[in-house]
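Structure in structure tokens, see below.
Derivation of every value follows stated rules applied to the coordinates shown; laboratory data play no part. Everything numeric in this text was worked out from a predicted model, so none of it was measured. FYI the Cβ positions are ideal-geometry reconstructions off the backbone, even for glycines, and counts take in every protein chain you see.
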Amino acid sequence: MTDSLLIPLHVKYIQSLDKRTDELEYWLTEHLRLNGLYWGLTALDLMNNIEALPRDQIINYVKSLQHENGGFGGHTGHDPHMLYTLSAIQILVTLDAVDVIDKDKVVAYVVSMQNEDGSFRGDQWGEVDSRFVYIGLMALKLLKRMDAIHVDKAVQWVLQCQNYDGGFGNTPGAESHSGQVCCCVGALALTDSLHLIDQDMLGWWLCERQLKNGGLNGRPEKLEDVCYSWWVSSALAIIGRLHWIDKEKLSQFILSAQDMEDGGISDRPGNMVDVYHTCFGVAGLSLIGYPGLKKVDPVYCMPEHVIARIGLKK
Ligand code: GRG
Ligand code: ZN
């Protein structure tokens with residue numbers, strides 16, 4: 001048990017990820033390569049170590065993943081998807097290199113994913129989910145092209161995803177889940193629409209996610225998991241109610257899920273680490289004010305200084 005964030009070890013762990021080609025995990029997560037790069041780069045920047053990954057190589061790799069229709073695949077030869085398209089933009093914006101890609105094509109791709117009712121599809125196969133509304137809005141906001149889509153319709157659709165318990169689901173009528181809450185609250189924040197919901201009721205649902213051991217869960221009766229340190233806390237931060245949870249206990253929980261020998265953070269203490277939980281553990285710590293980390297922006301899950309540089313910080 002340690003009560004401090006092992007930054008040098010986590011930096012080494014993230015650097016090692018693209019060299020572990022002899023591990024099954026490396027091949028099983030091939031489709032997530034671009035997401036992994038976003039998670040790794042974000043964690044590194046928040047830990048003041050962005051130069052630990054090769055900037056030019058990353059930019060060329062990301063650029064190579066853009067398809068003719070404007071969307072990005074998760075790795076070489078993979079189909080385009082909204083999930084990877086957002087990661088591509090977040091990475092390039094973070095590296096101040098967004099001009100290397102064809103932005104108009106990305107905008108056209110995102111526009112093509114919006115449905116008549118305001119919702120968004122994830123890809124050509126048509127899955128609809130509140131994640132994709134958030135992604136579409138964030139991608140266009142980062143590219144300063146929100147005007148290209150039907151923002152009002154998107155907001156109306158997101159509002160339909162709110163339940164009587166105050167939380168949000170992945171589609172209208174679906175069970176409240178912290179991940180979807182983060183997406184819906186993020187979408188409302190990106191469109192200046194937070195006044196349209198009952199923030200107190202939402203705040204109650206969110207702060208009830210904290211368990212005795214300090215960790216947060218995704219919905220009632222479920223286990224705590226480090227990634228909810230992000231999904232829950234970012235939504236609380238956006239509605240100005242982060243003080244409704246015990247930050248010190250959350251910080252202890254995240255720190256207890258570190259691998260103290262090889263670096264990285266897992267979903268809960270003692271489990272295998274991965275870059276996704278490492279990112280959201282570090283981002284969660286940044287949000288609750290852990291010392292020595294750069295500040296993360298709760299709406300974009302990107303370093304605050306990046307959002308300020310592109311003029312989106314209010
Ligand atoms: C830029 C931060 C950022 C996000 C982009 C992809 C995305 C938009 C958001 C994902 C939000 C989401 C749905 C997160 C939850 C992921 C998760 C841990 C799901 C697990 O669900 P279950 O049912 O687990 O397997 P529980 O914890 O409910 O038992
Ligand atoms: Zn998790």
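Per the Cauchy relation, a quarter of the hull surface: what is the mean projected area of the convex hull of the alpha carbons in region 78-204, in nm²?
8.0
Also: Beyond 20 Å between alpha-carbons counts as too far, so tell me which of Lys103/Lys144; Lys12/Lys294; Lys63/Lys295; Lys153/Lys313; Lys105/Lys141; Lys212/Lys295 fall in that bin.
Lys63/Lys295; Lys153/Lys313; Lys212/Lys295
Within the chain, which is the longest segment that contains none of the chymotrypsin sites (Phe, Trp or Tyr not before Pro) sitting in a DSSP loop with at most 16 other Cβ atoms within 10 Å?
165-314
Using Cα centres only, tell me the gap between region 1-69 and region 254-289 in whole Å.
14
A further question on this structure: I need to check one value: relative contact order of region 186-314, counting alpha carbon pairs closer than 8 Å and at least 6 residues apart, in percent.
Answer for region 186-314 is 20 percent.
Using +1 on the beta carbon of Lys and Arg, -1 on that of Asp and Glu, and nothing else charged, what's the dipole of the chain about the Cα centre, debye to 20?
Using Cβ point charges on Lys, Arg, Asp and Glu, the chain gives about 700 debye.
Taking the Cα of Asn69, stepping 7 Å toward and past its beta carbon, and measuring to each backbone N in region 89-115: which are under 19 Å?
Flagged as within label range: 89, 102-115.
Something else now. Straight-line reach only, C-alpha to C-alpha below 15 angstrom: list the aspartates and glutamates that Lys19 could link to, leaving out same-chain residues fewer than 8 apart.
Partners found: Glu30, Asp262, Asp274.
On alpha-carbon atoms, Rg over Rh for the chain using Kirkwood Rh?
Dividing the radius of gyration by the Kirkwood radius yields 0.94.
Excluding same-chain residues fewer than 8 positions from Lys249, which aspartates and glutamates have a Cα within less than 18 Å of its Cα?
Reachable aspartates and glutamates: Asp3, Glu208, Glu224, Asp225, Asp267.
How would region 155-236 be classified by its alpha-carbon gyration tensor: rounded, prolate or oblate, with rounded meaning a/c under 1.5 and the a/b versus b/c comparison settling the rest?
In terms of gyration-tensor shape, prolate.
With N set to the number of residues, divide the alpha-carbon radius of gyration of region 1-142 by 2.2 N^0.38 Å and report two decimals.
1.11
Mean residue ellipticity at 222 nm from the helices of the chain, using -39,500 (n - 2.57) per DSSP H segment of n ≥ 4 over the full residue count, to the nearest 500 deg cm²/dmol?
Here the helix-only value at 222 nm equals -14000 deg cm²/dmol.
Can you pull the semi-axes for region 163-314, root of five times each eigenvalue of the Cα gyration tensor, sorted largest first, whole Å?
24, 20, 13
Count the net charge of all other residues whose Cβ sits under 11 Å from the Cβ of Arg145, scoring Lys and Arg as +1 and Asp and Glu as -1.
+1
Further question: If all Cα-Cα distances of region 254-314 are sorted into 5 Å bins from 0 onward, what percent lands in each bin, rounded to whole numbers?
4, 20, 24, 18, 17, 9, 6, 3, 0
At a Förster radius of 35 Å, what calculated FRET efficiency corresponds to the Cβ-Cβ distance of Lys12 and Lys212, to the nearest 0.05?
Rounded to the nearest 0.05, the efficiency is 0.60.
Among residues other than Leu287 whose Cβ falls under 12 Å from its Cβ, what is the net charge (Lys/Arg +1, Asp/Glu -1)?
+1
Taking R0 as 35 Å, what's the FRET efficiency between Tyr164 and Trp125 from their Cβ-Cβ distance, rounded to 0.05?
Efficiency, from the Cβ-Cβ distance: 0.65.
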